[in-house]
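Colleague: Structure incoming, see below.
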Amino acid sequence: MAVATGDSILARSLITDRRSTNFGLKNEVCRGKVLPCRAGGKVKGKGKGRVEVKAAVQIGGLEEVKKAKEEMGFDVVSEEELREKGFLGMRKTKLVCTIGPACCSLQDLEKLALGGMNVARLNMCHNTRDWHRDVIKKINQLNEEKGFCVSVMIDTEGSQIHVLDHGASSSVKAEEGSTWLFTAQKLEGSPPFTIQANYEGFSEGIEVGDELVIDGGMASFQVIEIVGNDLRCKCTDSGLFLPRAKFSFWRNGKLVARNSELPTLSKKDWADIEFGVSEGVDFIALSFVNDADPVRQLKNYLYMRSSRSTRVLAKVESLESLQKLKEIVEASDGIMVARGDLGVEIPYEQIPTVQEEITRVCREMNKPVIVASQLLESMVEYPTPTRAEVADVSEAVRQYADALMLSGESAIGPYGQKALSILQMASSRMELWSREENRQSILHQRRLGVSLPDRIAEQICNCAVEMANNLGVDAIFVYTKHGQMASLLSRNRPYPPIFAFTSDNGTRMALNLQWGVIPLLVELSDDDMEANISTTIELIRRKGMLKPGDVVMVVSDLTPTHINSTAFQSIQVKTVV
């Protein structure tokens, strides 16, 4: 890689095929031809953090730009945010909302999309497939008709012991001292003080005196009698039973292992996955992943189904998953830190450091990470969060998590839209503060690429972010087919936003989960990179989102379709005039 200073700042590697690579120290490539690089230009500061660069190819008023579609694939929310706040004011942390009965109408989904929802999560534990199909249809309708870009994620149920029925459509209150029967029997109706479990062997190995904990501490019981396969329990800590609440058993302060013999993917999970594939969902999140095998199994299945655009996320929510964290992260396309279930299996005080470690490992291995569970838990019932919850959200942003997720706050709470707005405001504020205080964490640059082209792409992205931060450019434009260089740029957490131009809709929806990336769907030429740059910048300029003096950095990982064409990976800095 070489950098030529002057009117154009370039770092390019010329790759004629995958076996031979030539480096031009003082050359630049324009439309397949190697031309001398111009010299004598100056890079001057223009106020604090401001850089003016005279580009070798000036952008603006280009007659040769062919008439293209006026719509750039911008989603309406990002476009409005850019107009209102400018490049450096755009939010970079992505927001995931769990869709439930409280927000499943077309109007409510539109309000969440307008509020900044990047990914809609559907928990397959709840509701019917017809209900989920209807929600997916509404989201697709909003994307197509209203100009949103909201991805869809389904979350498998996984092998877990949970409440099948507790006699209420929402929640029931367990009062201290009350006696309850836990059973796997299929009962007619909903007898009072009776909890039906989903797994017939739920009571195996349980002893009188053991503690039964609901949803990691929402309510607690003590086993006072074993009646066949049923458990009679006395409530020791009053609390709420939510629909399909999960429960665990403790003995002498230690978790009683319950479901190690159960497969990660049940028959129901496979049926739900098949449903998700047929509906074209963008992400599948696997619950209770204890090792990398089920992740690989599902990815192989998706490959055979030709569903390569569907990404597989692994939920880290057990002690076993922590012990095999790196192999799970490596096998998956991303991670969800399910802090609620994880908090059942490890001491409370370990959750903050474990969350930070998982986030660090994911970023080091270039996999997006979602911090989930109980972010604004009080807003399931109340219109304002606690100050501690806002501090918790801000800490996840400070750790550079890719995304934050609402669960019950949006799915069943009456204040889901407000909860989303609080996530949006808190994350934007913390991002700004971190940048102003220059608190960007130092990433241990673990080398990911094996082949020479992959290593070149990785090094280019590392250097591009350093240059973008030092030069104070307004935005980074990346042209990508599968999202590789967009994710590598995101991994470095640059100050300016990353606009990822792709002609593949699956790539666009997958990039919705990457920190700082605004994906745009646009037709690209594999063989004329300069035309891509000129056309896209001109179209954005026409929409009024680029103004004279704005400086953009350009990188690309497009591969030519013709054997005689020259592909290049580059760093270019251009000024809009």
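Nothing in this text is a laboratory measurement; each read-out follows from the coordinates by a stated rule. None of the values given here were measured: they were computed from a predicted structure. A quick note on method: Cβ atoms are made from the backbone with ideal geometry, for glycine too, and the neighbour counts reach across all protein chains shown.
Colleague: If you count, for each residue, the other Cβ atoms within 10 Å and average over each peptide, how do 404-413, 313-322, 345-354 line up from highest to lowest?
Modeller: Going by the mean number of other Cβ atoms within 10 Å, highest first, we get 404-413, 313-322, 345-354.
Colleague: Quick one: if you stick a label point 7 Å off each Cα along the C-beta vector at Asp526 and Lys85, how many nm between them?
Modeller: Going from the Asp526 label point to the Lys85 one covers 3.7 nm.
Colleague: Contact order normalised by length for segment 249-408, with contacts defined as Cα pairs under 8 Å and 6 or more residues apart; what percent is it?
Modeller: This gives 17 percent for segment 249-408.
Colleague: Can you flag which of Lys92/Lys367; Lys94/Lys547; Lys92/Lys138; Lys267/Lys324; Lys111/Lys146 are past 19 Å Cα-Cα?
Modeller: Lys94/Lys547; Lys92/Lys138; Lys267/Lys324
Colleague: Something else about it: Set the Förster radius R0 to 35 Å, insert the Cβ-Cβ distance between Asp237 and Thr128 as r into 1/(1 + (r/R0)^6), and round the FRET efficiency to 0.05.
Modeller: 0.60
Colleague: Highest first, please rank the peptides 93-103, 541-551 by the mean number of other Cβ atoms sitting within 10 Å of their residues.
Modeller: Averaged packing, sorted descending, gives the order 93-103, 541-551.
Colleague: Given axes a ≥ b ≥ c from the Cα gyration tensor, I'd like to know whether segment 85-239 is rounded (a/c under 1.5), prolate (a/b larger than b/c) or oblate.
Modeller: Prolate, since a/c reaches 1.5 and a/b exceeds b/c.
Colleague: Where does segment 170-235 land on Rg(C-alpha)/(2.2 N^0.38 Å)?
Modeller: Relative to the 2.2 N^0.38 Å estimate, segment 170-235 comes out at 1.05.
Colleague: Between the alpha-carbon centers of segment 271-350 and segment 239-258, tell me the distance in whole angstrom.
Modeller: Here the two parts' Cα centres lie 22 Å apart.
Colleague: Follow-up. Restricting to segment 198-336, what percent of DSSP beta bridges are antiparallel, rounded to 5?
Modeller: 70 percent
Colleague: Now for a different question. Contour minus end-to-end for Glu327 and Glu381, with contour as 0.36 nm per residue of separation and end-to-end as the Cα-Cα distance?
Modeller: That pair, Glu327 and Glu381, stretches by 15.6 nm at full extension.
Colleague: Between Arg542 and Trp270, what FRET efficiency follows from the Cβ-Cβ distance if R0 is 45 Å, with the result rounded to 0.05?
Modeller: 0.40
Colleague: Applying the Karplus parametrisation 6.51 cos²θ - 1.76 cosθ + 1.60 with θ = phi - 60° to the phi angles of segment 339-346, what ³J(HN,Hα) value in whole Hz is obtained for each residue in order, glycine and proline being reported as x?
Modeller: 5, x, 5, 4, x, 6, 9, 10
Colleague: Which of the peptides 466-473, 498-505, 356-363 is most tightly packed, and how do the rest follow, going by the mean number of other Cβ atoms within 10 Å of each residue?
Modeller: Per-residue Cβ counts within 10 Å, averaged per peptide and sorted highest first, yield 498-505, 356-363, 466-473.
Colleague: Could you give the spread of the C-alpha atoms of segment 300-417 along their three principal axes, from largest to smallest, in whole angstroms?
Modeller: Computed over segment 300-417, the largest-to-smallest principal extents equal 46, 30, 25 Å.
Colleague: If you project the alpha carbons of segment 258-335 onto their three principal axes, what span does each projection cover, largest first, in Å?
Modeller: Here the Cα extents, ordered largest to smallest, are 33, 24, 17 Å.
Colleague: So between Ala388 and Val577, what do we pick up on full extension, going 0.36 nm a residue minus the alpha carbon distance?
Modeller: Going from the current span to full extension adds 63.3 nm.
Colleague: Can you work out ³J(HN,Hα) from phi for every residue in segment 191-207, in order, using Karplus 6.51 cos²θ - 1.76 cosθ + 1.60 and θ = phi - 60°, giving whole Hz and x for Gly and Pro?
Modeller: My calculation for segment 191-207 gives x, x, 6, 10, 10, 9, 9, 8, 10, 4, x, 5, 9, 5, x, 7, 10 Hz in order.
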